[in-house]
């Protein structure tokens, strides 16, 4: 919320992750909470999937998984595949803010401005990102790692989210 507010995404900051208060997300989050990683990972290890995550990613547009769709029609003899769709910039920015907040939350005093970028590089999700989404997210993560939040957030406000006339 704080990061979104700092770049002018007030509504998204207020509405961010409200689905976490739904029963499936809240109860599983409480049951699998460990404090140092996402409870969704623990639920996945226990059940083979995370009901909380499946619910969450389908309701929150700042998660790249929300923007995966099918291409092709198996009924026409063509193999269907999952393809990434282009995310609107405001949701890419919210995803960037979410990654910073998660890094701060899990790493605590070990957090640096490079933490979110390092986590992104370790995860290698690039096959699941539309080229525009990938380029903007990586630009913001690298900029934050090199120049810090103040300069990166100013860039977001003045260049990325600037209203196009």
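Number of residues in segment 1-36 that are surrounded by 13 or more Cβ atoms within 10 Å (Cβ to Cβ) and either touching a residue at least 40 places away in the same chain (Cβ under 8 Å) or part of a helix (DSSP H, G or I) (or both) equals 20.
Can residue 134 be described as part of a helix (DSSP H, G or I) and touching a strand residue (DSSP E or B) at 6+ places or on another chain (Cβ under 9 Å)? Let's see the steps before the verdict.
Working: part of a helix (DSSP H, G or I): yes; touching a strand residue (DSSP E or B) at 6+ places or on another chain (Cβ under 9 Å): yes.
Against the criterion (part of a helix (DSSP H, G or I) and touching a strand residue (DSSP E or B) at 6+ places or on another chain (Cβ under 9 Å)), residue 134 qualifies.
Per the conditions (1) modelled with pLDDT under 95; (2) part of a helix (DSSP H, G or I), the sole criterion not satisfied by residue 163 is (2). For segment 102-131, a residue qualifies if it is in contact with a helix residue (DSSP H, G or I) (Cβ under 9 Å, 6 or more places away or on another chain), part of a helix (DSSP H, G or I) and closer than 20 Å to residue 67 by Cβ, and the qualifying residues are 102, 116, 119, 120, 126, 128. Determine if segment 54-72 includes at least one residue that is touching a strand residue (DSSP E or B) at 6+ places or on another chain (Cβ under 9 Å), at pLDDT below 95, under 30 Å from residue 132 (Cβ atoms) and surrounded by 13 or more Cβ atoms within 10 Å (Cβ to Cβ). Yes. The residue pairs whose first member lies in segment 136-164 and is at positive phi, whose second member is outside any helix (DSSP H, G or I) and surrounded by 13 or more Cβ atoms within 10 Å (Cβ to Cβ), and whose beta carbons are closer than 6 Å, counting only pairs six or more residues apart or on different chains, are 148/113.
Has segment 90-100 got any residue that is more than 28 Å from residue 146 (Cβ to Cβ), touching a helix residue (DSSP H, G or I) at 6+ places or on another chain (Cβ under 8 Å) and either in contact (Cβ under 8 Å) with a residue 24 or more places away in the chain or outside any helix (DSSP H, G or I) (or both)? I'd like the intermediate steps shown before the answer.
To start, the set of residues in segment 90-100 that are more than 28 Å from residue 146 (Cβ to Cβ) comprises none.
No, there is no match, as no residue in segment 90-100 is more than 28 Å from residue 146 (Cβ to Cβ), touching a helix residue (DSSP H, G or I) at 6+ places or on another chain (Cβ under 8 Å) and either in contact (Cβ under 8 Å) with a residue 24 or more places away in the chain or outside any helix (DSSP H, G or I) (or both).
The values are calculated or read from the model by the stated rules, or taken from the named source; none is laboratory data. Computed from a prediction, not measured in an experiment: that's the story for all the values here. All Cβ positions, glycine included, derive from the backbone under ideal geometry; neighbour counts span all protein chains shown.
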